[in-house]
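Visitor: Sending over a structure as structure tokens; questions will come in a sec.
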Amino acid sequence: MDLFGNPQKRDAISPFVQLLWEKGSLYEAEVIDNLSLPFLNLRGESGAEREALTYDAMRRREPLIYAGRIASGDLLGDPDLLRLEDGGYVAGDIKSGTGEEDDGSGPKLKKHYGVQIALYTDILERLGFAGQRRPFIWDSLGDEVIYNLNTPIGKRDPVTLWTVYQDALALAQQIVAGSGNTVGAYGSKCKLCHWRSACVEDLEKIDDLTLLPDLGRARRDAIAQHIPTVSALAKTNINRLIGGAGSPFPGVGTNTLKTLHERAQLATNPSPKPYRKTTILLPKASTELFFDIEVDPMRDICYLHGFVERHNNDPKTEKFVSFFVEDISTAEEERVLTEALQYIQSKQPCVLYFYSKYERTWYRNLQERYPSVCSETDIETLFDPLRAVDLYYDVVRKYTEWPTRDFSIKTLANYLGFNWRDTDPSGAASIEWFHRWIETGDMSIKQRILDYNEDDCIATRVLLDGINAL
Ligand code: SF4
């Protein structure tokens, strides 16, 4: 899209993305300012000059070069670091994120970091300056994480990062040459992308399958050769397609295929209505708490616990209760956690409603951080399904269908007629506001965050009422 999309159709860069860039640059500057090793600093030189100075520096065997530039053929790289090791150079990059990721199956190297530093390694090899294929990341924890490009990615995955890089490079070269046909895929990543409007317009024109909730790029690519559009999927005789042999599409199970078929039928229905697939039994109590937290992942702090409470289903009893930090200290994070827990306790018996696992995961984290505030058992009791309901995983995804593109709380509450007061309501935006509030102390920004959080809590209530009405 950056090469071939119509620049007039670009959306503005989101303030949250700008904040990420800003924080990334600040972190890099901080690491370099605190570096005790001697190094050659090429930051500030222009592109061509920087490239020539980098080659000169490598020829005279500078031990560490910061902000160099290297190029070969159609490849260009701006490695943060070039370090002399065993007679050759290895590249490194400074990241304001962690050097590894963990999806629950143990720490793994990040492919997107790997591809970036493999590109630098490739250029160094083509130029004849390379050391071993072991570039590195200096990460947000202050660790150096080595990316051994020649070892398999995982225990069960024999592919190496070098192969991943080569495949990515071949695809990128094909796209740049105009010989590959690229097509977007609607997904959660699109929300922060500056091509969102243009892509959605294109996807709507071709009635792309990714416009169905949860379908995504991988499933679309598996299905699209046989069933290219939402309308075609809606018209497919799904039982005949599945037959006795199960789903014909790799990676798309029989039940998933049936669900996607139902969603396609709903999406193409001229007067679509959401529906439930079975009886939904929810815990009952006269007091209900609709709960939402705000977290700043960059500062690793949970800064706001918000609740809308309602009694006897009566909208007139509804009120917003919040616990907001005064600063970013751990003492403040602990204080608001303590007060939020006391508040929930004071409302017992009640049912707690929230949307997705985020609140529970963060409460478990906070309990580990502040074990004197509450025990593990307290948290598990708080989130016991008999009194706490994750409306997203335990209700919406399992038992309901909606004629929408996704099942985010924003999409579903909007569908039910609820509008946020803010013109740009999103978790990402609220993080950006929080940063600005910390920097300026501007109370209007704090109020904006509180209003946004209150609206998220009300949206959860609107959704519960919408589900009960199905
Ligand atoms: S598909 Fe989504 S992430 Fe990809 S370019 Fe389009 S809007 Fe951006």
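Visitor: Are any residues in region 173-192 buried (at least 17 other Cβ atoms within 10 Å of the Cβ) and out of contact with any Gly (no Cβ under 9 Å at 6 or more places or on another chain), and if so, which ones?
Guide: Scanning region 173-192 gives a single hit, GLY184.
Visitor: So for region 183-195 (the condition being among the polar types (S, T, N, Q) and either within 16 Å of GLY251 (Cα to Cα) or within 15 Å of the ligand (Cβ to nearest atom) (or both)), does at least one residue qualify?
Guide: Checking region 183-195: at least one residue is among the polar types (S, T, N, Q) and either within 16 Å of GLY251 (Cα to Cα) or within 15 Å of the ligand (Cβ to nearest atom) (or both).
Visitor: So is LEU127 in contact (Cβ under 8 Å) with a residue 60 or more places away in the chain and within 16 Å of the ligand (Cβ to nearest atom) or not?
Guide: When the stated conditions are applied, LEU127 does not pass them.
Visitor: Within region 142-152, is there a residue that is at pLDDT below 95 and within 16 Å of the ligand (Cβ to nearest atom)?
Guide: no
Visitor: Do you know which residues across region 303-347 are of a type in the set (A, V, I, L, M, F, W, C), open to solvent by less than 20 Å² (accessible area, probe 1.4 Å) and within 13 Å of LEU289 (Cβ to Cβ)? Walk me through how you get there before you give the answer.
Guide: Step one: of region 303-347, the residues of a type in the set (A, V, I, L, M, F, W, C) are 304, 307-308, 320-321, 323-325, 328, 331, 336-337, 340-341, 344.
Add one more test, that the residue is open to solvent by less than 20 Å² (accessible area, probe 1.4 Å), and what stays is 304, 307-308, 324-325, 336-337, 340, 344.
Those that are of a type in the set (A, V, I, L, M, F, W, C), open to solvent by less than 20 Å² (accessible area, probe 1.4 Å) and within 13 Å of LEU289 (Cβ to Cβ): PHE307, VAL308, ALA340, ILE344.
Visitor: Taking region 105-141 on its own, how many of its residues are in a loop (DSSP other than H, G, I, E, B) and either at pLDDT below 95 or open to solvent by 20 Å² or more (accessible area, probe 1.4 Å) (or both)?
Guide: Keep residues of region 105-141 that are in a loop (DSSP other than H, G, I, E, B), which gives 105-106, 110, 128-129, 131-135, 139-141.
Next, from what is left, pick out any that are either at pLDDT below 95 or open to solvent by 20 Å² or more (accessible area, probe 1.4 Å) (or both): 105-106, 110, 128-129, 131-134, 139-141.
Going through region 105-141 one residue at a time, the tally reaches 12.
Visitor: Residues in region 348-361 that are of a type outside the set (Val, Ile, Thr) and either over 27 Å from the mean Cα position of the chain (by Cα) or open to solvent by 20 Å² or more (accessible area, probe 1.4 Å) (or both): how many? Talk me through it step by step, then tell me what you get.
Guide: Start the filter on region 348-361 by keeping residues that are of a type outside the set (Val, Ile, Thr), which leaves 348-350, 352-360.
With either over 27 Å from the mean Cα position of the chain (by Cα) or open to solvent by 20 Å² or more (accessible area, probe 1.4 Å) (or both) added as a condition, the list becomes 348-350, 355-358, 360.
Going through region 348-361 one residue at a time, the tally reaches 8.
Visitor: Does at least one position in region 370-383 carry a residue that is touching a residue at least 12 places away in the same chain (Cβ under 8 Å) and within 28 Å of THR259 (Cβ to Cβ)?
Guide: yes
Visitor: Residues ALA234, ALA170, ALA222: which one is without any contact (Cβ under 8 Å) to a residue 40 or more places away in the chain, open to solvent by 30 Å² or more (accessible area, probe 1.4 Å) and among the hydrophobic types (A, V, I, L, M, F, W, C)?
Guide: On the way: ALA234 fails: open to solvent by 30 Å² or more (accessible area, probe 1.4 Å); ALA222 fails: open to solvent by 30 Å² or more (accessible area, probe 1.4 Å).
Every option except ALA170 fails the conditions.
Visitor: Let me ask something else. Exactly one condition in (1) open to solvent by less than 60 Å² (accessible area, probe 1.4 Å); (2) under 15 Å from CYS190 (Cα atoms); (3) at pLDDT 95 or above is false for LEU40; which is it?
Guide: (2)
Visitor: Any residue in region 197-206 that is within 14 Å of the ligand (Cβ to nearest atom), in a helix (DSSP H, G or I) and polar (S, T, N, Q)?
Guide: Checking region 197-206: at least one residue is within 14 Å of the ligand (Cβ to nearest atom), in a helix (DSSP H, G or I) and polar (S, T, N, Q).
Visitor: Separate question: Among the residues of region 144-165, what is the count of those that are within 30 Å of MET298 (Cβ to Cβ) and surrounded by 13 or more Cβ atoms within 10 Å (Cβ to Cβ)?
Guide: The number of residues fulfilling the criteria is 9.
Visitor: Can you tell me how many residues in region 253-292 are buried (at least 18 other Cβ atoms within 10 Å of the Cβ) and aromatic (Phe, Trp, Tyr)?
Guide: Looking only at that region, the number is 2.
Visitor: While we're on this one: Being open to solvent by 70 Å² or more (accessible area, probe 1.4 Å), more than 9 Å from the ligand (Cβ to nearest atom) and closer than 23 Å to ARG397 by Cα narrows it down to one residue among PRO250, PRO213; which is it?
Guide: Selected residue: PRO250, the only one of PRO250, PRO213 that is open to solvent by 70 Å² or more (accessible area, probe 1.4 Å), more than 9 Å from the ligand (Cβ to nearest atom) and closer than 23 Å to ARG397 by Cα.
Visitor: Ok, one more. Pick from LEU76, LEU84: which is in a strand (DSSP E or B), in contact with a Pro (Cβ under 8 Å, 6 or more places away or on another chain) and open to solvent by 20 Å² or more (accessible area, probe 1.4 Å)?
Guide: Only one candidate qualifies: LEU84.
Visitor: Turning to a different aspect of this structure: From the list ASP424, ASP384, ASP406, which residue is assigned to a loop (DSSP other than H, G, I, E, B) and in contact with a Gly (Cβ under 9 Å, 6 or more places away or on another chain)?
Guide: ASP406
Visitor: Name the residue, out of LEU341, LEU282, LEU337, that is part of a loop (DSSP other than H, G, I, E, B) and within 31 Å of the chain's Cα centre (by Cα). Give the derivation first.
Guide: On the way: LEU341 fails: part of a loop (DSSP other than H, G, I, E, B); LEU337 fails: part of a loop (DSSP other than H, G, I, E, B).
From the options LEU341, LEU282, LEU337, the qualifying one is LEU282.
Visitor: Return a yes/no flag: does region 164-171 have any residue that is within 16 Å of the ligand (Cβ to nearest atom), assigned to a loop (DSSP other than H, G, I, E, B) and farther than 30 Å from TYR27 by Cα.
Guide: The answer is no, given that none of the residues of region 164-171 is within 16 Å of the ligand (Cβ to nearest atom), assigned to a loop (DSSP other than H, G, I, E, B) and farther than 30 Å from TYR27 by Cα.
Visitor: Step by step: first the residues of region 1-31, then only those that are aliphatic (A, V, I, L, M) and outside any helix (DSSP H, G or I), then the one that is nearest to the ligand (Cβ to nearest atom). Which residue is that?
Guide: MET1
The values are calculated or read from the model by the stated rules, or taken from the named source; none is laboratory data. Bear in mind that the values here come from a model prediction, so they are computed numbers and not experimental data. Here the Cβ is made from the backbone with ideal geometry for all residues, glycine too, and neighbour counts use every protein chain on show. Heads up: the accessible areas ignore ligands, DNA and RNA and are worked out on the full protein's heavy atoms, side chains in. Shrake-Rupley method; radii C 1.70, N 1.55, O 1.52, S 1.80 Å.
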